[in-house]
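Quick notes on the structure that follows.
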Amino acid sequence: EAQVTQNPRYLITVTGKKLTVTCSQNMNHEYMSWYRQDPGLGLRQIYYSMNVEVTDKGDVPEGYKVSRKEKRNFPLILESPSPNQTSLYFCASSPASDRSYNEQFFGPGTRLTVL
Amino acid sequence: AQSVAQPEDQVNVAEGNPLTVKCTYSVSGNPYLFWYVQYPNRGLQFLLKYITGDNLVKGSYGFEAEFNKSQTSFHLKKPSALVSDSALYFCAVRPPPLYGNKLVFGAGTILRVKS
């Protein structure tokens, strides 16, 4: 089944404890992206990747890191999480990054709470 | 900078009645426009998109949307609402590649369909 998977789905952690949220897609998509969803703000893009080893900042990159060593994986790293990073996070992918009209496929989401 | 506005936080409609969820946008060049739906505790699902051509586009689950360039709008419509249509709806815009690679979402509109 074609899908985007994220792990973990739920995570409660404490301020300053490094964490990684994994994202994997099995559709051979070039483009991958991370978003955070907060009430009243919709989805805001954190980072995106046009292809392997190519990443770029979205609208809210502060406090986050990403890497794209393989086409299928795009982990989101929080080196020192803070309470304002408590949010619902979505990973997404789409084919052929040079075709802006492709729709994105979303993972199920990761609900992160930072105490 | 591109932006999307969904002026209604919530839309209430009776089952069987037509529904409209509004979206207006601001973007450089000719935009690519999308509608996504999010059911409770789920990721976003693609509904439909406008790339070029016919201003009325049809999508999944009987939804359609009308692109209006002069009013910079892309309203989502359905002739007869179902209770199962109740969800959170997001409008999104992406500019042509010349103007960037970001997909920008609106804040979302909750649709409640009552029986």
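Remark on residue B:86: its backbone amide H falls under 5 Å from those of B:113, a criterion applied only to residues 5 or more positions apart or on other chains, H modelled at 1.01 Å from N.
The relative contact order of chain A, computed from alpha carbon pairs under 8 Å that lie at least 6 residues apart in sequence, is 36 percent. Can you flag which of B:22/B:114; A:57/B:78; A:17/A:69; A:17/A:57; A:69/B:102; A:57/B:69 are past 31 Å Cα-Cα? Exceeds cut-off: A:57/B:78.
Residues whose amide H lies under 5 Å from that of residue A:111, counting only those 5 or more places away or on a different chain, are A:10, A:11, A:89; hydrogens are built 1.01 Å from N in the peptide plane.
All other residues whose Cβ lies under 13 angstrom from that of residue B:21 are scored, Lys and Arg at +1 and Asp and Glu at -1, for a net of -1. Answer rounded, prolate or oblate for chain B, using the Cα gyration tensor with square roots of eigenvalues a ≥ b ≥ c: rounded when a/c is under 1.5, else prolate when a/b is larger than b/c, else oblate. Because a/c hits 1.5 or more and a/b exceeds b/c, chain B counts as prolate.
For the range B:99-113, backbone phi angles converted through the Karplus equation (6.51, -1.76, 1.60; θ = phi - 60°) give residue-by-residue couplings of 9, x, 10, 8, 9, 10, 9, x, 6, x, 10, 7, 9, 10, 10 Hz, Gly and Pro being listed as x.
Distance from the Cα centroid of the range B:9-54 to that of the range A:36-76 is 23 Å (rounded to whole angstrom).
Along the range A:7-15 the Karplus relation, 6.51 cos²θ - 1.76 cosθ + 1.60 evaluated at θ = phi - 60°, assigns HN-Hα couplings of 8, x, 7, 9, 8, 10, 9, 10, 4 Hz to successive residues, with x for each Gly and Pro. Starting from the Cα of residue B:49, draw a straight line to each of the aspartates and glutamates and keep only those under 14 Å, dropping any in the same chain fewer than 8 residues away. Counting by Cα, and skipping residues close in sequence, residue B:49 has these aspartates and glutamates nearby: A:103, B:64, B:66.
With θ taken as phi - 60° and the Karplus curve 6.51 cos²θ - 1.76 cosθ + 1.60 applied, the whole-hertz 3J(HN,Hα) list for the range A:60-67 is 9, x, 4, x, 10, 9, 9, 8 Hz, x standing for glycine and proline.
Gyration tensor over the Cα atoms of the protein assembly as shown: the corresponding equivalent ellipsoid has semi-axes (square roots of 5 times the eigenvalues, largest first) of 29, 21, 16 Å. If R0 is taken as 30 Å, the Cβ-Cβ distance between residue A:51 and residue B:45 corresponds to a FRET efficiency of 0.75. Classify the range B:64-106: rounded, prolate or oblate, from the alpha-carbon gyration tensor (a ≥ b ≥ c, eigenvalue square roots; a/c under 1.5 rounded; otherwise prolate if a/b is larger than b/c)? Note, shape of the range B:64-106 comes out oblate.
No value in this document is a laboratory result; all are computed from the given coordinates. Quick caveat, the model's predicted, so the values are computed rather than measured. Methodologically, a virtual Cβ is constructed for each residue, glycine included, from the backbone with ideal geometry; neighbour enumeration extends over all protein chains shown.
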